[in-house]
Structures are given as C-alpha cells and as structure tokens.
Amino acid sequence: MSFRRAGRLGLALMLAAGGGEARAAEGEFLYRASLVQAAPGKLLELIELYKASWAEGPAAGDEAPLWMRHSQGDRWDLLLLFPMGSFSGYYAPERVARRKARTSAALAAKIRDAVAREEDVFVYGPSLEEVRARSAKAAFFHVEMFQALAGRQGDLRREREMENAYLKALGRPANLVFVRDSGAGWDLFTIGFYRDVKHYAESADIPETAQEAAAKAAGFEDARHIGPYLRTLISSHHDTLAVAIK
C-alpha cells in the first residue's frame, strides 16, 4: 500500500482517533518509514533533492530523518525513517502549515519526478534518543522486514525479542524493533546497526558452543532452530543491507 503526501493528513487524523495516541502516551515513539525507489538514473539527484527539502526542517518543528541507501537485497533504494512522536503533534495544523511553506512547489515536483515508487508504513519503536545514539555510531545496517501469518503478530514480536536476547548473550548488537501501526503491509521490521561490513560479519567467528548456550538461554530449542521457528510465524521476509548517507 502506497501513500502520497497529499493524503497523509486525513489518514493520520483517522489513525489517531483509532488509538495510536494511546501507544504514544505509553512511551512508544511514532515514526514514518518510507521505502523509496528512485526513477532510473535519478538516485543521486533524488538524494540531493531530499537534502534540499530538509534544510529548513527545524523551522517547521520537524526532526531530520534517519536514512540509508540500499547496498544489496530488497528493491528499494532508500529507507527514510521520519521521527513523528505522535500523530496529533506531527499533523497539528500549525506544523502542517510550516511544513508546506518551507518546501517550494517546484522542489516538491522535482522530488515526485525523481521517485518511481514509494511505500510508507507508520510504526512505533524505540525512543528517538536511542535511535539517534545507535545511528551516530553506525555506517552499515541490516534491515529485516516481515509480514506475519494471521494472528501471529504478537508471536513474531516476541521472537524478535528472543533473538535480541540471543545477540546480547553473544556480545553482538541487538536490533531495534519497529512495529506497524498502519500503512504498508509490513507488520514489523528491525534495524541492526554496525560500524561497517566487517563488524556485521563478525558473528561468523563465534564458536558453536557459545551460540548453542545463547540460543537456549533466549528460549530457543537450539541455535539451528532459530530460523525454522521464525518461518512458522511469517508469510514474507525481506532482508536488505544498507549504508549510511552522509
């Protein structure tokens, strides 16, 4: 499911009325994740256009997005994670007015022309402070996106938390978990933050005995059953490796 910016305000108001604000009140932070595929030959131009459009973001009260560029895996070129906080705050009339005023119609048109495909999903995840702290030290990312089987969304989230316990036991960076509120069909995605590709690949050097102990401590039958168990919960799973954009 794809959304264009013109329809986001009305959608957000409906979603906020449906209970999203309660989740924000419980301490979960709202983000809009956009998966963008550039028009052929337009990727570098699109990156510069986005930078230009965000140059005055603070004046509208908006936080700069975390973004990354696809290296290999899924079809998208860019993942942009926009901090929102809550629907009511992000789509407050004065914020919307300032946001529209800071981006010229000509620049907005250039961005539209440079985008071949865009898919948005609104998600709740860790605090903005945690996301910023993790991204500040990272230049390489592992993104996993999931569609759960019907009725297994809660089990999928618990499995992701079990995998994080497994990673922590091995001294590896845990993934940040983002859970769908509305939008595109991804029920959950995780982002792993790494210094570089070598840091990402270090897991290959961990002894099997340590992996077995960590898996069992996290609640899995054993290390080799982690993947098979995950696949009992999902209908779709996309992996992407990505790099930071400076």
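The values are calculated or read from the model by the stated rules, or taken from the named source; none is laboratory data. Remember, it's a predicted structure, so these values are computed and weren't measured experimentally. Cβ placement follows ideal geometry from the backbone for every residue including glycine, while neighbour counts extend to all protein chains displayed.
Kindly indicate which of Ser235, Ser203 is under 21 Å from Arg75 (Cα atoms) and under 23 Å from the mean Cα position of the chain (by Cα).
Numbers: Ser203 fails: under 21 Å from Arg75 (Cα atoms).
Exactly one of Ser235, Ser203 is under 21 Å from Arg75 (Cα atoms) and under 23 Å from the mean Cα position of the chain (by Cα), namely Ser235.
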*How many residues are touching a Phe, Trp or Tyr at 6+ places or on another chain (Cβ under 9 Å) and closer than 14 Å to His237 by Cβ if we restrict to region 126-174?*
10
*Looking at region 152-246, what strands (runs of 3 or more DSSP E) fall wholly within it and have at least 3 residues that are surrounded by fewer than 16 Cβ atoms within 10 Å (Cβ to Cβ) and out of contact with any Lys or Arg (no Cβ under 7 Å at 6 or more places or on another chain)?*
234-244
*Count of region 158-174 residues which are under 17 Å from Gly125 (Cα atoms) and of a type in the set (Lys, Arg)*: 2
*Any chance region 21-35 includes a residue that's modelled with pLDDT of 90 or more, closer than 19 Å to Gly125 by Cβ, in a helix (DSSP H, G or I) and polar (S, T, N, Q)?*
no
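Matching residues to (1) surrounded by fewer than 18 Cβ atoms within 10 Å (Cβ to Cβ); (2) within 23 Å of Gln37 (Cα to Cα); (3) within 23 Å of the chain's Cα centre (by Cα):
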{"position": "Gln72", "(1), (2), (3)": "yes, yes, yes"}
{"position": "Trp76", "(1), (2), (3)": "no, yes, yes"}
{"position": "Leu79", "(1), (2), (3)": "no, yes, yes"}
{"position": "Met84", "(1), (2), (3)": "no, yes, yes"}
{"position": "Arg98", "(1), (2), (3)": "yes, no, no"}
{"position": "Arg112", "(1), (2), (3)": "yes, yes, yes"}
{"position": "Val115", "(1), (2), (3)": "no, yes, yes"}
